[in-house]
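Asks: Mind looking over this structure? Questions follow.
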Amino acid sequence: MIRNLIIVLGLLLTSSGYGQRLAYVDTHKILNSIPEYKQSKLEINRLSIKWEDEIAALFASVSEQKNQLEVEKVLLTSEMISDREKAIKALDDSARIKQIKYFGPEGLLFKKREEMVSPIQALIAGAIKEIARKKKLDFVFDKGSSLSVVYANESNDITSDILKQLGY
């Protein structure tokens, strides 16, 4: 017990003597300052809306066909009803497959976002590393991410340095 207390005190005294250098950066601010990122966002939103409309039209068609079948059911044979139900189910399945193809975890929208935004993020990460080395920083936190920053001294903000490094 006493031995553990001595070790903890020793670690605290040792680490406080060195003082780690910290800084933070706001990647949202950086991203929104880069025209290529803004253009990428617009393209991704355009694709998303186009695909949402396409899928909505398919589901509307499914709904319309279901309603039509309900109206005409009394006039149809059981075989005709069965055929229509199969066709409606096939259209519904097709709409769901397309929805997953476009918006699923490995869908086209995710891939397009990855394709367009990853190079920009890699560029920013490289600039952050370079500035961190120049300023001899031990840690750089991202104020723009899910990290919760309760207080940040403005003198530790290297966002403008990153933007200069990137040429913006």
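No lab work stands behind these numbers, since they all come straight from the coordinates. Not measured: the values here are computed from a predicted model. Heads up, the Cβs are rebuilt from the backbone with ideal geometry, glycines too, and the neighbour counts pull from every protein chain shown.
Asks: What ³J(HN,Hα) values, in whole Hz, does the Karplus curve 6.51 cos²θ - 1.76 cosθ + 1.60 give for segment 94-107 when θ = phi - 60°, with x put for Gly and Pro?
Replies: Taking θ as phi minus 60°, the curve returns 4, 5, 5, 4, 5, 4, 5, 4, 7, 10, x, x, 10, x Hz for segment 94-107.
Asks: Along the charge dipole of segment 19-166, Cβ charges K/R +1 and D/E -1, which of ILE97, ILE124, ALA57 sits furthest on the positive end?
Replies: ILE124
Asks: Taking 8 Å as the Cα distance limit and 6 or more residues as the minimum spacing, I'd like the relative contact order of segment 45-168 as a percentage.
Replies: 21
Asks: Moving on to the next point. What ranking, highest mean first, results for peptides 156-166, 96-106 when packing means the other Cβ atoms within 10 Å averaged over each residue?
Replies: 156-166, 96-106
Asks: Would you calculate the separation in nanometres between label points at LEU166 and SER61, each defined as 7 Å from the Cα along the Cα-to-beta-carbon direction?
Replies: With each label placed 7 Å out from Cα toward Cβ, I get 4.2 nm.
Asks: Work out from phi, with θ = phi - 60° and the Karplus expression 6.51 cos²θ - 1.76 cosθ + 1.60, the ³J(HN,Hα) of each residue of segment 118-133, listed in order in whole Hz, and give x for Gly and Pro.
Replies: So the Karplus estimates, Gly and Pro as x, are 4, x, 5, 5, 5, 4, 5, 4, x, 5, 4, 4, 5, 5, 4, 5 Hz.
Asks: Nearest 20 debye, what's the magnitude of the dipole of segment 19-166 about its Cα centre given +1 on Lys and Arg Cβ and -1 on Asp and Glu Cβ?
Replies: 760
Asks: Let me ask you something else. Please give me the summed charge of the neighbours of SER48: other residues whose Cβ is under 15 Å from its Cβ, Lys and Arg +1, Asp and Glu -1.
Replies: The answer is +2.
Asks: I've got another one for you. Once the other residues with Cβ under 13 Å from the Cβ of MET116 are scored (Lys, Arg +1; Asp, Glu -1), what is the net sum?
Replies: +2
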